[in-house]
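Trainee: Quick one: the structure is below, questions incoming.
The values are calculated or read from the model by the stated rules, or taken from the named source; none is laboratory data. This one's a predicted model, so the numbers in the text were calculated from it and none came from an experiment. Every residue, glycine among them, receives a Cβ derived from its backbone with ideal geometry; neighbour counts consider all protein chains shown. Keep in mind that these areas ignore ligands, DNA and RNA; they rest on the heavy atoms of the full protein, side chains included. Shrake-Rupley method; radii C 1.70, N 1.55, O 1.52, S 1.80 Å.
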Amino acid sequence: MNWGRLQHRNRIFSRLWELEFNSGARTIKRVIVIGIGFAGLRAAKALSDHGLEVLVVDRENFHLFQPLLYQVATAGLEQESIAYPVRALIRGWKDVSFMLREVCSIDLKGRLIKTPSGSEPYDYLVVAAGSVTNFFGEESIREHAYDLKRLDHATDLRSQILACFEKGGRESDRQKRSLLLSFVIVGGGPTGVEFAGALAELIHFVLARDYPEIDTAECRITLVEAGQSLMQALPDKLGAYAVQKLSSMRVQVVMGRRVVSATAEGILLDDGSTIPAATVFWSSGVRAAPLADSIDARKGAQGRIAVLPDLTLPGYPEVYVVGDMAYLEQDDEALPMVAPVAMQQGKYAGEAILAREQGADVVPFRYRDKGTMATIGRSAAVASIGRASFSGFIAWLLWLGLHLFYLIGFRNRVLVFLNWAYYYLFYERQVRLITREGEGGKCT
């Protein structure tokens, strides 16, 4: 055999091996996870190191621990202590990568997600884009009220609270001063209750010393709830405890009244009465993220996508919808849009994809309720775990421990714990920063 023929044969073998290798590479299934919230995080972790290509796509490059956003807004925590970089988070997760993009739409038939920079193909898709604040179509409320779903929302609200005190301390007009020092929280769920308690403590324990020219007795905090009890998912006695505790903290609780509109000077209730306030915080509901609107599927309450018992999209078994975007009924009731549901659904979706790849049967998803809790203030909280109910100091300790456990990152846990301990011992909150530009006026 001469040298030319040998080279030709080697080139043929090399080409055949290359084709076989590339063909094998193409058989690796690709899973795209949209969103790195509680659901997306659990899904990506479950899928890692199992021979699949996993791509996480999010418009932010960090995982946000949303349950503690209200503490950023009330100067209790730095925003960095409740956020963790995605790339650092997935660094040790084999076969998982990240792309910083916003997903604009999904081509279900073509198995593509569409982003501003192009399309990405998938074999499996986990849609975990979360939720946004639900203003129920009231544009005046959207325009004038603050909400808490993003980090910048929390810092904006913190700046607003502190700026009101800066202006109030210099305001000689009694009516304008009263308006600046009045705050309204709309929604008596856990977020509204926790924010009301934290705001009351910030005002009476911390800002009272920062602004000696202001008598905090002038400050007015009002919590408005459309229902007849606070935190309706909890037993009535815990809701009653929350009302009692908030009242002792000088928070006025108004129940059975619905907010119909808002202005820069307060809110209008459904009975025609008004509550003046320069700051309105809206925590009265959430709805599925706008991405849900672009998906052609049956919708349930809050614009959520109705899914099958295995969390897949009807007609598209390769698409899983989880967390706040998914509408699924269990025991004749829709599952709530809360973090524990999202975490369990995200993990289930990841494990279900792995089971399908192995040819195993997939059992329907079932949520296991491990309890609900909320903190009201210093040494005070409510907790319902199974048939047991707790309130006061014990519930507060349970709340502290659970939130530290689920917070991502050792550094973040340490920082949050130190902040809580410092405040508990010295009644001091260090993060009293106004980061919104222009509050001090501008030279012309």
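Trainee: Over the Cα atoms of the range 73-220, Rg to Rh with Kirkwood Rh, two decimal places?
Mentor: 1.12
Trainee: Skipping prolines and chain starts, which residues have an amide H placed within reach, meaning under 5 Å, of the one on VAL224, given they are 5 or more residues away or on another chain?
Mentor: ILE185, VAL186, GLY187, VAL254
Trainee: Under 10 Å, Cα contacts only: if you run a Gaussian network model on the chain, which one of LEU418, LEU125, LEU69 comes out with the highest mean-square fluctuation?
Mentor: Comparing LEU418, LEU125, LEU69 in the GNM, the peak value goes to LEU418.
Trainee: List the equivalent ellipsoid semi-axes of the range 293-352 in whole Å, largest first, each obtained as the square root of 5λ for an eigenvalue λ of the Cα gyration tensor.
Mentor: That gives 16, 15, 10 Å for the three semi-axes.
Trainee: Now, a different point. State in Å² the accessible area per residue of the chain; use a 1.4 Å probe, count heavy atoms of protein chains only, and round to the nearest integer.
Mentor: 50
Trainee: So, one more: How long are the semi-axes of the ellipsoid equivalent to the range 200-274, from square roots of 5 times the Cα gyration tensor eigenvalues, in whole Å, largest first?
Mentor: Each semi-axis is the square root of five times an eigenvalue, giving 25, 20, 8 Å.
Trainee: Solvent-accessible area of THR263, probe 1.4 Å, all protein chains present, reported in Å² to the nearest ten, please.
Mentor: Number for this one is 70 Å².
Trainee: If you don't mind, another one. List the relative contact order of the chain as a percent without decimals, with contacts defined as Cα pairs under 8 Å and 6+ residues apart.
Mentor: Once normalised by length, the contact order is 19 percent.
Trainee: Something else: Considering amide H positions built from the backbone, and no H for Pro or chain starts, which residues 5 or more places from ARG258, or on another chain, come under 5 Å of its amide H?
Mentor: Here ASP270, ASP271 satisfy the definition.
Trainee: Give the carbon-plus-sulfur fraction of the accessible surface of the chain in %, rounded to a whole number; probe 1.4 Å, heavy atoms of protein chains only.
Mentor: Here it works out to 52 percent.
Trainee: What list of ³J(HN,Hα) couplings, whole Hz, do you get for the range 84-89 from phi and the Karplus terms 6.51, -1.76, 1.60, once you set θ to phi - 60° and write x for glycine and proline?
Mentor: Rounded to whole hertz, the list is 9, x, 4, 5, 5, 5.
Trainee: Here's something else I'd like to know. Students sometimes get this wrong: rank CYS443, CYS104 by accessible area, probe 1.4 Å, all chains present, largest first.
Mentor: Sorted descending by solvent-accessible area, the residues read CYS443, CYS104.
Trainee: Ordered by residue, what ³J(HN,Hα) values in Hz, to whole numbers, does the range 269-279 give under the Karplus form 6.51 cos²θ - 1.76 cosθ + 1.60, where θ = phi - 60° and Gly and Pro are x?
Mentor: 9, 5, 8, x, 7, 10, 10, x, 5, 7, 10
Trainee: Counting only residues 5 or more places away or on other chains, whose amide H sits under 5 Å from the amide H of GLY266 once H atoms are built in the peptide plane?
Mentor: ALA277
Trainee: Could you order HIS204, HIS63, HIS50 so the one with the most accessible surface comes first? Probe is 1.4 Å.
Mentor: Descending order: HIS50, HIS204, HIS63.
Trainee: Next question, about the same structure. If you plug each phi of the range 190-198 into the Karplus form 6.51 cos²θ - 1.76 cosθ + 1.60 with θ = phi - 60°, what whole-Hz ³J(HN,Hα) values come out, in order, with x for Gly and Pro?
Mentor: Per-residue couplings from phi come out as x, 5, x, 5, 5, 5, 4, x, 5 Hz.
Trainee: Provide the percentage of antiparallel DSSP beta bridges, counting only those with both residues in the chain; round to the nearest 5.
Mentor: 50
Trainee: With r as the distance between the Cβ atoms of ASP293 and ALA334 and R0 = 25 Å, compute the FRET efficiency 1/(1 + (r/R0)^6) and round to 0.05. Walk me through the intermediate numbers first.
Mentor: Details: r = 19 Å, r/R0 = 0.75.
Efficiency computed from Cβ-Cβ geometry: 0.85.
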